[in-house]
Amino acid sequence: MDVLSRIPQLLTYGLISGCILSLGGIGVSLTYSILGFSNFAHGDFMALGAYIALALLPAIAWLGIPAASLGPLSFGWDWILAVLLAAMLSSACVVLLDRLLFRQLRSAHRITLMISTVGVALALRNLIQFIWGPQPQTYASAIQKAIRIERLGIRIKPDQIFIILVALTLATALHLFLRYTKIGKAMRATSDNPSLARVCGIKTERVILWTWIIGASLATVAGALAGIENKFITPELGWQMLLSIFAAVILGGIGNPYGAIVGGLVVGISEEVSTAFISTGYKPAVAFVILILMLLIRPTGLLGRKS
Amino acid sequence: MSRLTASGLVSGYEDMMILHGVSVIVEDGEIVTIIGPNGAGKSTLMKTLFGLLPAIEGSIRFGDLDTTALPPDRLVRLGFAYVPQVANVFPSLTVRENLELGGFVLRENLSRRFDRVFDLFPALRTRKRTRVGNMSGGERQMVAMGRALMLDPRLLMLDEPTAALAPNLAAEIFEQIMAINERGISVLIVEQNAKESLRLSDRGYVLAGGCNRFDGAGMELLENEDIGKLYLGG
């Protein structure tokens, strides 16, 4: 098969992995814009959420919710319920972590905070490995037949269509939340001008709470979707994606959640399409190249504000 | 009754106190201007009054309430509005959103309050959906004051409202300050370029080195030769 005829299929794969990167990137970007530091533990929040969902599956089966697959998908209502509950539980864990650690460092230098997130990343990943073990685990093992779309020259599995739809829905929901709800406006205001937000009577700690809840929830969904796409989850699941996520966030303009979505799609697609021309082994390097080029050419990102 | 009574305020930053016992009174319905050279502690005084910096000593009363240790979100509810000198708008938000955030603590429908602000600043009415970051300095100052007025405050504190503006725009802002005051809102202004501000003020204070130096009626300070030489540029 010649190189060009593979492009539509690679674009499709890129779109799917881009959706997962975008969901992860939104949290990184929001944390940066509200709390002012780069959260290197965000990848491990994704793994945490994915594993909590895994742990909830037996409990949900015990409650009598059938594990039957949902139409052509490889998973059922039980998995969807597990992910929703896992999003809440991992939000609670992250908020607790904020209370115990990050809150004590609120006025610390951003470098101190960044390094503390590296510590959290290591601790969390090893905790996950300690509880669930290092071996890959699966949500469901149903085999799926890909749908062939001849006109576009692509094959796509029902699960992958589901991933795209979930990402689209959540991105729209986030947009509506930021644009029209009171707390969403308070978040944008705090990101724009934190001291003026306080002058308006906005409680910063409340905004921070919501930032963690949204970031951790989207990270859980991203981690669980990565588990569906890769067919397994490991404790390194999020850590392995972190470089691509940071490349995506910086590409889009760090601090801008819309930028994270655009950046995630661009990085995901670039990584996949690159495999048509260079060895798959260089895929992670593509994110690096994007990161370096962006920092050299336009450090504020595609949608970043000039300041 | 005094709208605002601050007495003996000592305040500043961790290792450096800037105010060494400053007292200021604003009566109901008054315009009061605080002048003084750079570093006199004018902005620090504003931040302390508004609860953004803790008062180490001294007390602040708002009407008949002791507000010395209250945080900004409580003061805002009491009718205390503050427009900082710089970064006093949300640049990536629209005019309408900026005003809406001014009324953030209210649970009511804001449409009447929007109307009142647009009556005062008609130029903003047609630009509701414009991002404030794309507006001129004078327009931004109007948005900043409009934001503060959304709460229908009883006291409006303005930190150098005309600092970066051309003279004709500054005159317009001063006219608007008088219009705001005519609605019964007390106004406390900090100005480095103080002549115009003192002219429209009922009273004024001169601050230097973190202490009160002079106070008196606005015109009295304007005509005082010493103050003129030292603080008003001759």
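The values are calculated or read from the model by the stated rules, or taken from the named source; none is laboratory data. Since this is a predicted model, take the numbers as computed values, not measurements. Note that we place each Cβ from the backbone using ideal geometry, even for glycine, and neighbour counts take in every protein chain shown.
Quick look at the numbers
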quantity: Residue count for the stretch A:189-208, restricted to those that are within 7 Å of chain B (Cβ to nearest Cβ) and modelled with pLDDT of 95 or more; calculated: 1
quantity: Scope the stretch B:56-84; condition outside any strand (DSSP E or B), closer than 22 Å to B:SER23 by Cβ and not acidic (Asp, Glu); matching residues; calculated: B:ILE56, B:GLY63, B:THR67, B:THR68, B:ALA69, B:LEU70, B:PRO72, B:LEU75, B:LEU78, B:GLY79
quantity: Candidates B:LEU53, B:LEU124, filtered to the one that is surrounded by 18 or more Cβ atoms within 10 Å (Cβ to Cβ), assigned to a loop (DSSP other than H, G, I, E, B) and of a type outside the set (D, E, K, R); calculated: B:LEU53
quantity: Index of the failed condition, B:ASN98 passing every other in (1) at the interface with another protein chain (Cβ under 9 Å from one of its Cβ atoms); (2) more than 18 Å from A:ALA186 (Cα to Cα); calculated: (2)
quantity: Which numbered condition A:SER69 misses (of (1) in a helix (DSSP H, G or I); (2) out of contact with any helix residue (DSSP H, G or I) (no Cβ under 8 Å at 6 or more places or on another chain)); calculated: (1)
quantity: Restricting the stretch A:125-180 to residues that are touching a strand residue (DSSP E or B) at 6+ places or on another chain (Cβ under 9 Å) and basic (Lys, Arg), the residue that is surrounded by the most Cβ atoms within 10 Å (Cβ to Cβ); calculated: A:LYS157
quantity: Failed criterion for B:SER92 (all others in (1) under 18 Å from the mean Cα position of the chain (by Cα); (2) closer than 26 Å to B:PHE114 by Cα; (3) within 14 Å of another protein chain (Cβ to nearest Cβ); (4) surrounded by fewer than 24 Cβ atoms within 10 Å (Cβ to Cβ) hold); calculated: (1)
quantity: Members of the stretch A:165-204 found to be in contact with a helix residue (DSSP H, G or I) (Cβ under 7 Å, 6 or more places away or on another chain) and farther than 18 Å from B:VAL89 by Cβ, listed by number; calculated: A:VAL166, A:ALA167, A:LEU170, A:ALA171, A:LEU174, A:PHE177, A:LEU178, A:ILE183, A:GLY184, A:LYS203, A:THR204
quantity: Residue identified as touching a residue at least 40 places away in the same chain (Cβ under 8 Å) and more than 14 Å from the chain's Cα centre (by Cα) among A:ILE213, A:ILE292, A:ILE250; calculated: A:ILE250
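Quick grid of which residues meet (1) in a loop (DSSP other than H, G, I, E, B); (2) small (Gly, Ala, Ser); (3) in contact (Cβ under 8 Å) with a residue 24 or more places away in the chain; (4) surrounded by fewer than 18 Cβ atoms within 10 Å (Cβ to Cβ):
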position	(1), (2), (3), (4)
B:PRO153	yes, no, yes, no
B:LEU158	no, no, yes, no
B:ALA171	no, yes, yes, yes
B:TYR205	no, no, yes, no
